[in-house]
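To keep things clear, I will list the structure first and then write my remarks on it.
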């Protein structure tokens, strides 16, 4: 009969539980999103010398667009809000061009929604007519069955 013995090895620093640093509270979602946008803006400016400033808008789901949250980021090449008149006006004019694109897409969407409403209205009217037919048939059937 053999017995095995194991020798204890000295504990290394990796084996000893280390205290974990206290976690920092998470950033609010809007602050975090804007922080990521600011980093992206910096990367674009570093890669494209033609870019003078960047504006990014955040569209939130649900009712968050109405909440008191950050709506987006507008930065120049230095990471600051543009202050030079040509940069302010240039950013505004580019934003207006983008809003024009958004409005055109809204018109397309409105046309699609109008067509869908017309289709659903027609379908609803057919269902109401069918319901009335069934209701009339049931009345006749109940009258024929008598009291």
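The values are calculated or read from the model by the stated rules, or taken from the named source; none is laboratory data. All values reported here derive from a predicted model rather than from experimental measurement. Here Cβ is always computed from backbone atoms with ideal geometry, including for glycine, and neighbour counts include all displayed protein chains.
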- Query: Yes or no: residue 80 surrounded by fewer than 10 Cβ atoms within 10 Å (Cβ to Cβ) and either assigned to a loop (DSSP other than H, G, I, E, B) or without any contact (Cβ under 8 Å) to a residue 60 or more places away in the chain (or both)?
  - Reply: no
- Message: So for segment 99-111 (the condition being under 26 Å from the mean Cα position of the chain (by Cα) and either within 23 Å of residue 30 (Cβ to Cβ) or not in a helix (DSSP H, G or I) (or both)), does at least one residue qualify?
- Response: yes
- Task: With the condition kept exactly as written, say whether any residue in segment 102-119 is within 25 Å of residue 36 (Cα to Cα) and either at pLDDT 95 or above or in contact with a strand residue (DSSP E or B) (Cβ under 8 Å, 6 or more places away or on another chain) (or both).
- Result: yes
- Query: Applying the selection to segment 50-59, what residues are within 14 Å of the chain's Cα centre (by Cα) and exposed (fewer than 15 other Cβ atoms within 10 Å of the Cβ)?
  - Reply: 57, 59
- Task: Could you please give the count of residues in segment 70-91 that are at negative phi and in contact with a strand residue (DSSP E or B) (Cβ under 9 Å, 6 or more places away or on another chain)?
- Result: 14
